[in-house]
Amino acid sequence: MTATDTLAPRSFELFERSTLREFEEIGALIGLRSIITSTEELPSAGGEPALILRASAVAVIANPWIGTSTEFDLQPETVRIAPVLAKLLTDRLLDAVGGAQRVEAFGKAAVVGLDGELEHAGALIHTPYFGNLVREALGGTSILCFADGRAAPGGNIRVPLWHKTAASTRSHYQSLDVSLRDAPHTDEIAVIAAVSTGPRPHARIGDRATDLPVTSEILKGIAL
Amino acid sequence: MNIRKIITIVEEVVAEGGRPVEPAARIAVVAAVIDNPWHGHGFVDDLSDGIERTASELGALLAPRVVEALGSPVEAYGKAAIVGTDGEIEHGSALIHTLKFGDHFRTAARATTLLPAVEKRAVAGAVFDVPLKHITDATIRSHHQSVEVRIPDAPHPHEIVVGLVAAAQGRPQQRLAPLSTEQ
């Protein structure tokens, strides 16, 4: 049984409003337990604005599919829950870094608790109901790179990021080490979105435009 | 003082024990990763010079940030110093156990009590738990709580992580009898 089985659905306007405050009711309706937003700031000298901010937001919700079989249709709960997760997470990321115009790279992840299926994690992040909304809120056009898994609470997950409009931009290949303290419980799913306002520090390994053609031919006479 | 990075964490809890928490329980953490001021100087007998150069500036940096990150009146607070493996725990204690450091937070939070603290020596990415107590009466049992923190890639052996934590309330679903009622 889920909330939708027992209660008539109610409509909420979340397009215009922020969910930074007064989100408790919508949180309860999607089984939310907590959201943890972490921001890493690499300061510059002389009190100038921060050079690079990297932020992650982790929402922990009850797994709506606990006890269902591998035949169970995941779509209805995905359509109901994933857009709200996208909104809750991106509101916090944008607040942390100062707006979509500052976001340069993005990524996403989901970790399902031990009583769930890996497919349950995927259902919350690998559909347009999450991905399209995250992409739009963060002002991107690229496909979102991701990590997923099933784990006990208290681990860490490394969330990959790449450039939000030009995914092959090598300077922006990076990842964020995100803590999952006390989550996900066996009947929960942790859903994560992450951003960076810049490239890796001191990125200097070239790019596609500057690469020479490289094939296994170079193994025939490699200089060591 | 050389800062490598500053971390801000905001936790919002809306359910605990299977019941709603409303309004959301908020806790904020702000931590700076700095060079250990005494690194490379062997055993330093008198730490006062490094304290003088670092503690007040660090308190002034972190205190307004953690109050702003919480975004609500502070009801409970705590602090942390995690020393990299080349340093002494005493180095971390030196930075946080002075009025020069703590008074910035007490002023920003309108607090009067001593700040509970964790001090330990650890590798980068170690987990540490920061104890919190009520800001004006450390015997208020509802506000005894702790928050788990882990900072990736810090502290390096020559660094110290110094952090402040603020909570807008006591424990979610707190329901223990007050100390004063106990026989």
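The values are calculated or read from the model by the stated rules, or taken from the named source; none is laboratory data. Only a predicted model underlies this, so the values are computations on that prediction, with no experimental measurement involved. Cβ atoms come from the backbone with ideal geometry, glycine included; neighbour counts cover every protein chain shown.
The table below gives the values:
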{"quantity": "Among the candidates B:Val127, B:Val123, residue that is closer than 18 Å to A:Ser38 by Cβ and either within 14 Å of chain A (Cβ to nearest Cβ) or β-branched (Val, Ile, Thr) (or both)", "calculated": "B:Val127"}
{"quantity": "Within segment B:21-49, tally of residues that are part of a loop (DSSP other than H, G, I, E, B) and not small (Gly, Ala, Ser)", "calculated": "10"}
{"quantity": "Unmet criterion (only one of (1) within 7 Å of chain A (Cβ to nearest Cβ); (2) in contact (Cβ under 8 Å) with a residue 60 or more places away in the chain; (3) more than 15 Å from the chain's Cα centre (by Cα)) for B:Glu12", "calculated": "(2)"}
{"quantity": "Matching residues, segment A:115-151, being of a type in the set (Asp, Glu), under 21 Å from A:Pro76 (Cα atoms) and surrounded by fewer than 18 Cβ atoms within 10 Å (Cβ to Cβ)", "calculated": "A:Asp115, A:Glu119"}
{"quantity": "Of residues in segment B:13-54 being among the charged types (D, E, K, R) and closer than 30 Å to A:Leu20 by Cα, the one surrounded by the most Cβ atoms within 10 Å (Cβ to Cβ)", "calculated": "B:Arg26"}
{"quantity": "Those residues of segment B:128-183 which are among the hydroxyl-bearing types (Ser, Thr, Tyr) and in a strand (DSSP E or B), in sequence order", "calculated": "B:Ser146"}
{"quantity": "Spans of strands (runs of 3 or more DSSP E) in segment A:30-132 with at least 2 residues touching a His at 6+ places or on another chain (Cβ under 8 Å), away from every other protein chain (no Cβ under 14 Å) and within 25 Å of B:Arg150 (Cα to Cα)", "calculated": "A:105-112"}
{"quantity": "Condition met for B:Ala81 (part of a strand (DSSP E or B) and out of contact with any Pro (no Cβ under 6 Å at 6 or more places or on another chain))", "calculated": "yes"}
{"quantity": "Answer from A:Ile205, A:Ile157 - the residue that is touching a helix residue (DSSP H, G or I) at 6+ places or on another chain (Cβ under 8 Å) and either in a loop (DSSP other than H, G, I, E, B) or within 14 Å of chain B (Cβ to nearest Cβ) (or both)", "calculated": "A:Ile205"}
{"quantity": "Sole exception among (1) in contact (Cβ under 8 Å) with a residue 40 or more places away in the chain; (2) more than 14 Å from chain A (Cβ to nearest Cβ); (3) buried (at least 16 other Cβ atoms within 10 Å of the Cβ) for B:His97, by number", "calculated": "(1)"}
{"quantity": "Unmet criterion (only one of (1) facing chain A (nearest Cβ under 10 Å); (2) within 20 Å of A:Asp182 (Cβ to Cβ); (3) not small (Gly, Ala, Ser)) for B:Ile82", "calculated": "(1)"}
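Results for (1) of a type outside the set (Asp, Glu); (2) under 16 Å from the mean Cα position of the chain (by Cα); (3) within 14 Å of another protein chain (Cβ to nearest Cβ), shown as yes or no for each residue.
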{"residue": "A:Glu136", "(1), (2), (3)": "no, yes, no"}
{"residue": "A:Gly140", "(1), (2), (3)": "yes, yes, no"}
{"residue": "A:Asp148", "(1), (2), (3)": "no, yes, no"}
{"residue": "A:Ala152", "(1), (2), (3)": "yes, no, no"}
{"residue": "A:Trp162", "(1), (2), (3)": "yes, yes, no"}
{"residue": "A:Ala166", "(1), (2), (3)": "yes, no, no"}
{"residue": "A:Ser175", "(1), (2), (3)": "yes, yes, yes"}
{"residue": "A:Leu180", "(1), (2), (3)": "yes, yes, yes"}
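A quick yes/no check of all residues on (1) surrounded by fewer than 22 Cβ atoms within 10 Å (Cβ to Cβ); (2) at pLDDT below 95; (3) under 16 Å from A:Thr127 (Cβ atoms); (4) touching a helix residue (DSSP H, G or I) at 6+ places or on another chain (Cβ under 9 Å):
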site: A:Glu77; (1), (2), (3), (4): no, no, yes, yes
site: A:Ala82; (1), (2), (3), (4): no, no, yes, yes
site: A:Gly98; (1), (2), (3), (4): yes, no, no, no
site: A:Arg102; (1), (2), (3), (4): yes, no, no, yes
site: A:Ala105; (1), (2), (3), (4): no, no, no, yes
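Per-residue answers, yes or no, for (1) within 10 Å of chain A (Cβ to nearest Cβ); (2) within 24 Å of A:Glu25 (Cα to Cα); (3) in contact (Cβ under 8 Å) with a residue 40 or more places away in the chain; (4) of a type in the set (A, V, I, L, M):
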position: B:Ile6; (1), (2), (3), (4): yes, no, yes, yes
position: B:Ala25; (1), (2), (3), (4): yes, yes, yes, yes
position: B:Asp35; (1), (2), (3), (4): no, no, yes, no
position: B:His39; (1), (2), (3), (4): no, no, yes, no
position: B:Val66; (1), (2), (3), (4): no, no, yes, yes
